[in-house]
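Below is one structure, written out as structure tokens, with a few remarks after it.
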Amino acid sequence: MSWRNRMRFGKKSRDEDLEVVPVIGKESEQEDLLERGVPAETWQDVKPKSTVLGAALMLASMFFRDSAMGRRAISLTVAVLVLLLLEIGAIVYYSSVQKEYMTALQEKNIDAFYHGLWMVGAVIIFISPIIALHEYTSGMLKMTWRASLTRRFAGLYLAAPGYCEGNPFYRLTLTGEIDNPDQRICQDVHEFVGIAVHLAQDIVRTVLNIASFAAILYSISPAACYGVLVYSIVGTIVATKGFGPWLGFYQLQRVKQEAGLRYDLIRVRENAESVAFFEGGEAEWSKFNTLFSGLLQTVYKSVLVTSGFGMFNRSFHWATFAVAPLLVGPAYLRGEVQFGVISQASMAFNIILGAMTLIMDKLESLTDVGVRVRRLEDLELSLRKCRNEMQMSSAAGLAGVQCIASAEPGPSDTAMLRFCKVTLRTPPRAGILQQTLCHDLSFELVSNQSLLIVGESGIGKSSLLRAAAGLWTDGRGTLQLCKRQHVFFMPQKPYMFLGSLRDQLLYPHVEESFVSNSDLEKALRQVNLGHLLEQHSLSESKEWASLLSLGQQQRINFARVLLRSDVRMALIDEGTSACDPANEAVLYELLQQRLCSYVSIGHRPALQRFHSHALWLHKPSLESAASACSPSASDPTEIEFMPMAEFQAKNPALAYRE
Ligand SMILES: Nc1ncnc2c1ncn2[C@@H]1O[C@H](COP(=O)(O)OP(=O)(O)OP(=O)(O)O)[C@@H](O)[C@H]1O
């Protein structure tokens, strides 16, 4: 199901009275949006898909309208066109020089022969620097276009300042809307720009060649001129209709399968340790082999089509070798034209034929560029949609969990986290039914309070933190949290930045230079990682994710909090699960001294002593489950907010004992 079908504005979702995100692109829906007061700038630039040519023009217009590179784009394009014109002018002139030269040979005119030879040399000397300059500007045009498109896509994907807000890379991963955005940004842009610049020049060259050489050929032989036009048009129609669709189909299949194969190997690299523990190399090899065999089958079919196309294309061109002399030869034999006219006519004939059969010759490039254009268009539409959804989710009165910032955290009684009638659902994803994780959940955590979220695995604990962090917004209700810069998120597997130890500790503010080395060292010692300083300097760049144990990485994450003076609150999703109890206690004691509040998720009862409150997620049939059947996944989850002592009294089996 496409996003347009999935998201119907104003319609109710299947099992809830929740409104879902608007569809954009149809007039009636746009009117609906207007009536509801949704700002037009948040939806107007998402349009339904266009043709391949339309999409290619969209990618070109993005380049020319680029505020940073637009002027450069225009100057380079003009320069390329002027140089192309000069090159074609020189070729036209060269054809007349060739005629004189050949005629001089036939007439045994020594002076004219040497003059012709000089002229050939002069044309070559004139054209050589033009060709070099043309290649250079054309290369610069490709480079600039690639830089512009790559920056735009990467900016939208990674939410660079001025491009987008929020976490589009996360949203695209959640919805699974498009595959391999990384490959599209790096490889497809490169391929598209390379082919498009060449094709555009070929088209201009074609038009100019046809215009200049058709006149020459017509003056020699109108029959030859009409002959070449009819011959090339018929050839082009046969090639595009007979081979074009198949070439395009297999090209698209191949690109998709190659992306899947690459992704499979990336997953093995990312999970190398787990795969090695399982000795899973053989299973991975067998999966790789299945995928690779699929790819080879596609390549094989594509080779069959390409061979057929190659046979047609070459036979078509070979058949033309005799055509020009055939058309002009009789006039020469009758003495009506000079001998040089035959070679000039042949040259003109072949140039026009080459121009007229451009589509046929470039059919493979055209299908390839078509595939890249479609993939880039999909990426552009998905990224724009992401951006618009994020803008819309911040527009008042729209569906979704609204996240609002609470007042500056104060010493006591300031609301640090407030859920107000929050109903949360898992994110929409094609082919997967959305789950409702909580219904009308309300509670409030104030400063100097801390919350432990407990419940069975898969019940929705992490999802509540994702909602609090503004990552999951599907549902309704209001969620209040202190400003983002005061909140720090600590996942079970912390993200290790590629950089120095200093960068690790300062992440995500790696540019901050005012934190002294002694502060960094102190933070490391506080989390019992002082020994790292004996083995590594702060400026040393290493592959930290594979060098440090998970427990050490979790302690690095706690050191990050200690170094941030603006952090008031932490959201900790099993953030100490890999630490020993002694280290866990040290880390929580540090948090208690440093922060106004924190929310943790954890299964260990020992965590209870570091939290004032509990949020208990459970199925209502939990008690009866002991005597009867186990709770069903479809039962609504009950969620209770209470002081820790009350939770322990209610759940003596789960309570922590010294
Ligand atoms: N990206 C996702 N898209 C759709 N559903 C998801 C996604 N991630 C998790 N879920 C579903 O949401 C439900 C709650 O998941 P969540 O991660 O919040 O559980 P949890 O209580 O934190 O589990 P655990 O203790 O095992 O970490 C699960 O049923 C899971 O299948």
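The values are calculated or read from the model by the stated rules, or taken from the named source; none is laboratory data. Given the structure is predicted, the values throughout are model-derived calculations rather than measurements. In this analysis, Cβ positions are derived from the backbone assuming ideal geometry, glycine residues included, and neighbour counts consider all displayed protein chains.
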Q. What are the residues in the stretch 203-213 that are surrounded by fewer than 17 Cβ atoms within 10 Å (Cβ to Cβ) and closer than 21 Å to LEU76 by Cβ, if any?
A. ILE203, VAL204, VAL207
**Q.** Boolean, LEU465 is within 16 Å of the ligand (Cβ to nearest atom), aliphatic (A, V, I, L, M), in a loop (DSSP other than H, G, I, E, B) and touching a residue at least 12 places away in the same chain (Cβ under 8 Å)
**A.** no
Q. Helices (runs of 4 or more DSSP H) wholly in the stretch 516-601 with at least 3 residues that are of a type outside the set (Phe, Trp, Tyr) and farther than 30 Å from GLY458 by Cα - which ones?
A. 517-526, 532-535
Q: Could you grab the pairs with beta carbons closer than 7 Å, sequence gap of 6+ or different chains, first residue in the stretch 532-553 and in the same structural domain as SER516 (by TED's automatic domain parsing), second one among the charged types (D, E, K, R) and assigned to a helix (DSSP H, G or I)?
A: LEU533/GLU521; LEU538/ARG502; SER539/ARG502
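Condition check ((1) among the β-branched types (Val, Ile, Thr); (2) over 17 Å from VAL567 (Cα atoms)) across all residues:
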residue	(1), (2)
LEU445	no, no
GLY455	no, yes
GLY460	no, yes
ALA468	no, no
THR473	yes, yes
CYS482	no, no
Q: Being buried (at least 20 other Cβ atoms within 10 Å of the Cβ) and aliphatic (A, V, I, L, M) is the filter; apply it to the stretch 173-194 and report the residue that is farthest from ALA348 (Cα to Cα).
A: ILE185
Q) Which ones in the stretch 276-288 are within 27 Å of the chain's Cα centre (by Cα) and free of Cβ contacts under 8 Å to residues at least 24 places away in the same chain? A) GLU284, LYS287
Q: Taking the options ILE124, ILE110, ILE74, name whichever one is more than 29 Å from ALA200 (Cα to Cα), at pLDDT 85 or above and surrounded by fewer than 16 Cβ atoms within 10 Å (Cβ to Cβ).
A: ILE110
Q. Across the stretch 474-484, what is the number of residues that are away from the ligand (no atom under 15 Å from the Cβ) and not in a strand (DSSP E or B)?
A. 3
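Among the candidates SER577, SER537, SER518, SER549, which residue alone is at pLDDT below 90, surrounded by fewer than 20 Cβ atoms within 10 Å (Cβ to Cβ) and polar (S, T, N, Q)? Don't jump to the end; show me each part of the working.
On the way: SER577 fails: at pLDDT below 90; SER518 fails: at pLDDT below 90; SER549 fails: at pLDDT below 90.
Unique residue meeting the criteria: SER537.
Residues checked against (1) out of contact with any Lys or Arg (no Cβ under 9 Å at 6 or more places or on another chain); (2) more than 13 Å from the ligand (Cβ to nearest atom); (3) not assigned by TED's automatic domain parsing to the domain that holds ILE601:
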| residue | (1), (2), (3) |
| --- | --- |
| VAL454 | no, no, no |
| TRP472 | no, no, no |
| HIS486 | no, yes, no |
| TYR495 | yes, yes, no |
| GLU511 | yes, yes, no |
